[in-house]
Structures are given as C-alpha cells and as structure tokens.
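The structure follows.
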Amino acid sequence: MARDPLNDQVPSPPAQARFWNLWNMTFLAGRSLEQNNLDAESVRRADTVLQWLGALGPGSGRILEVGCGTGWLAKRLASYGRVTGIDLADQAIAVARERNPDIEFIAGDVATITLPPGEFEVIVSLETLACLPNQADFIASIARLLRPGGHLLLTAHHRFVYQRRSDVAPLAPGQVRRWLSRPELRRLLQPHFHVLRLVTIIPTGDRGLLRLINSHKVNGLARLFLSERTIRRFKEALGFGTTLVVLARKRVKC
C-alpha cells in the first residue's frame with residue numbers, strides 16, 4: 001500500500017485528537033443537514049449510506065457510528081435504531097451531546113473503549129478509515145463490536161481520485177492520511193467480513209486522466225446525448241468516484 005511519506009511518523013493520539021477537535025470546530029460545529037449547509041459531498045455520502053441502511057429492513061437495532069464528530073449524522077441514524085456515537089475529538093463530542101441529548105456519545109478510541117463484544121447490529125463510519133494509523137486494528141475492533149451477521153456501512157477516501165485532486169490540503173499537525181484503493185479495502189475487510197457491495201460515488205479530480213474525464217468540454221459533449229445523472233453514474237461505475245462505499249456483513253464462525 002502506497003503511503004504518504006509525511007505519515008511515516010505517526011502522530012500521538014493526543015495530537016490526533018487536537019487535530020480533529022480543531023477540524024470539527026472549524027468545519028462542522030455550526031452545521032447540520034437540516035440547515036442545508038453541509039458540503040455536497042458529505043450529503044451524498046450520508047444519503048447513500050442511509051439508503052443502504054434502510055434497505056436492510058425495518059428496525060436495524062443498535063447502531064454504532066464511529067467517527068461521529070458533532071453528531072450531524074447520528075441524528076438521522078436514530079430513525080433506524082438506537083444509536084451510540086464515538087469520536088476521538090472530545091470537543092466535538094461535547095457539541096454532539098448538547099445537540100442530541102437523547103443519543104449516547106462517547107469520547108475515545110474505538111479500539112480501547114469497554115463495550116461488550118457483539119453489542120451492535122450495525123456499525124457506520126464515514127471517511128474515518130484513511131485518518132487512522134492502524135487500519136487493520138480498526139477493522140478488527142469494529143468487527144468485535146458487531147454481532148455475527150451484523151452489517152458494516154463504511155465510506156473511505158479513494159486513493160486513485162484523491163491523488164488526482166489539486167484541492168487536497170497539505171497534512172496538518174496531528175493528521176493521518178492513508179487513502180485506499182478498492183482492492184486494498186477488500187483485503188482489509190476480508191478477514192472479518194463478507195463484502196456485499198463496494199462502489200465509488202462522487203466523481204471528481206482534475207489531474208492526469210481525471211482532467212480529461214471531468215473536463216467541461218468532454219462533459220458538455222456527453223450532455224448532448226446523456227443526462228447529467230447518467231454521466232455521473234457511468235463514471236462511478238468505472239471507478240472514478242472520490243468515495244468508496246462498502247456494505248459488508250460480519251462473518252459467522254462455524
């Protein structure tokens with residue numbers, strides 16, 4: 001797996017927590033889906049995950065959101081079951097508790113919290129995986145918390161696209177950045193999960209091949225024959241989406 005050389009030295013957990021507190025307070029503390037001021041990519045990721053969650057059937061039982069931030073998604077997840085949210089950023093968790101007093105929020109690391117094994121029927125995690133220094137330990141930790149046959153709904157940064165975006169900011173102190181390819185995500189999940197669905201969404205990118213794929217001229221020509229939605233879905237099916245979205249079921253040991 002190709003890694004950013006700036007990540008060779010992993011920031012300490014307190015440094016990571018400081019980064020995410022600052023990030024959440026800067027970008028999410030004043031936002032909610034109801035105010036329609038989340039960025040379009042976040043909304044699309046959330047809508048996709050909620051659509052898949054709804055397709056699992058009525059009453060998803062206990063749901064854990066890992067990397068819940070200020071709780072903007074946890075509030076919507078509560079329509080599907082009893083929700084617990086966890087995040088390393090304690091200031092973000094304080095905001096989440098204030099906004100959603102009926103939802104349980106925990107400040108801490110999912111790898112070290114003392115929740116009983118098999119406590120949850122569904123685990124949801126949006127754009128958290130690439131921000132972790134040990135992704136295999138993270139997957140093992142959430143698998144432990146899922147009941148056998150339980151479902152994981154996860155989105156992750158798609159390395160192919162992020163390496164071809166000119167708007168990616170430099171690493172900040174305390175930040176970890178370890179993007180994944182589709183095969184790498186499958187291999188990471190395989191020891192604990194059956195991957196039921198893995199797609200890409202949100203085509204972006206303006207470098208290399210994606211400069212051509214997403215150019216105004218090429219897309220303008222395509223719109224003479226196809227709808228915007230059809231063009232977007234075609235790109236996503238080809239693997240040009242910014243975000244990897246996966247639905248997986250925990251393996252049942254015989």
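Within the stretch 88-98, is even one residue acidic (Asp, Glu) and either surrounded by 23 or more Cβ atoms within 10 Å (Cβ to Cβ) or touching a residue at least 24 places away in the same chain (Cβ under 8 Å) (or both)?
Yes, the stretch 88-98 has at least one match.
What is the number of the single condition among (1) under 22 Å from Pro133 (Cβ atoms); (2) surrounded by 15 or more Cβ atoms within 10 Å (Cβ to Cβ); (3) out of contact with any Gly (no Cβ under 9 Å at 6 or more places or on another chain) that Pro170 does not meet?
With (1) under 22 Å from Pro133 (Cβ atoms); (2) surrounded by 15 or more Cβ atoms within 10 Å (Cβ to Cβ); (3) out of contact with any Gly (no Cβ under 9 Å at 6 or more places or on another chain) applied to Pro170, the lone miss is (2).
Please tell me if Ala92 is part of a helix (DSSP H, G or I), within 18 Å of the chain's Cα centre (by Cα) and at pLDDT 95 or above. Write out each step before concluding.
Values: part of a helix (DSSP H, G or I): yes; within 18 Å of the chain's Cα centre (by Cα): yes; at pLDDT 95 or above: no.
The answer is no for Ala92.
Could you count how many residues in the stretch 69-83 are out of contact with any Phe, Trp or Tyr (no Cβ under 7 Å at 6 or more places or on another chain) and either without any contact (Cβ under 8 Å) to a residue 12 or more places away in the chain or not aliphatic (A, V, I, L, M) (or both)?
Step one: list which residues in the stretch 69-83 are out of contact with any Phe, Trp or Tyr (no Cβ under 7 Å at 6 or more places or on another chain), which gives 69-70, 72-83.
Restricting the remaining residues to those that are either without any contact (Cβ under 8 Å) to a residue 12 or more places away in the chain or not aliphatic (A, V, I, L, M) (or both) gives 69-70, 72, 75-76, 79-82.
Selection size over the stretch 69-83: 9.
Looking at (1) touching a residue at least 60 places away in the same chain (Cβ under 8 Å); (2) crowded, with 21+ Cβ neighbours inside 10 Å, which is the one condition that is false for Phe193?
All conditions pass for Phe193, except number (1).
May I ask you to list pairs of residues, at least six apart or on different chains, whose Cβ atoms are under 9 Å apart, with the first in the stretch 38-51 being within 17 Å of Gly71 (Cα to Cα) and modelled with pLDDT under 90 and the second being surrounded by 14 or more Cβ atoms within 10 Å (Cβ to Cβ) and among the hydrophobic types (A, V, I, L, M, F, W, C)?
Listed pairs, sorted by first residue: Leu38/Leu28; Leu38/Ala46; Leu38/Trp72; Asp39/Phe27.
Could you tell me whether any residue of the stretch 5-22 is over 28 Å from Arg197 (Cβ atoms), assigned to a helix (DSSP H, G or I), modelled with pLDDT under 90 and under 15 Å from the mean Cα position of the chain (by Cα)?
Yes.
While we're on this one: Among Leu146, Leu198, Leu180, which is the only one that is modelled with pLDDT of 95 or more and either in contact with an Asp or Glu (Cβ under 7 Å, 6 or more places away or on another chain) or surrounded by fewer than 20 Cβ atoms within 10 Å (Cβ to Cβ) (or both)? Steps first, answer last, please.
Details: Leu146 fails: either in contact with an Asp or Glu (Cβ under 7 Å, 6 or more places away or on another chain) or surrounded by fewer than 20 Cβ atoms within 10 Å (Cβ to Cβ) (or both); Leu180 fails: either in contact with an Asp or Glu (Cβ under 7 Å, 6 or more places away or on another chain) or surrounded by fewer than 20 Cβ atoms within 10 Å (Cβ to Cβ) (or both).
The conditions single out Leu198.
Here's something else I'd like to know. Pick out the one residue from Gly81, Gly67, Gly54, Gly71 that is of a type outside the set (A, V, I, L, M, F, W, C), loosely packed, with under 15 Cβ neighbours inside 10 Å, closer than 21 Å to Ile123 by Cβ and at pLDDT 90 or above.
Exactly one of Gly81, Gly67, Gly54, Gly71 is of a type outside the set (A, V, I, L, M, F, W, C), loosely packed, with under 15 Cβ neighbours inside 10 Å, closer than 21 Å to Ile123 by Cβ and at pLDDT 90 or above, namely Gly54.
Can I ask one more? Of the residues in the stretch 232-248, how many are surrounded by fewer than 17 Cβ atoms within 10 Å (Cβ to Cβ) and not small (Gly, Ala, Ser)?
3
The values are calculated or read from the model by the stated rules, or taken from the named source; none is laboratory data. What you see is a predicted model; the values in this text were computed from it and never measured. FYI the Cβ positions are ideal-geometry reconstructions off the backbone, even for glycines, and counts take in every protein chain you see.
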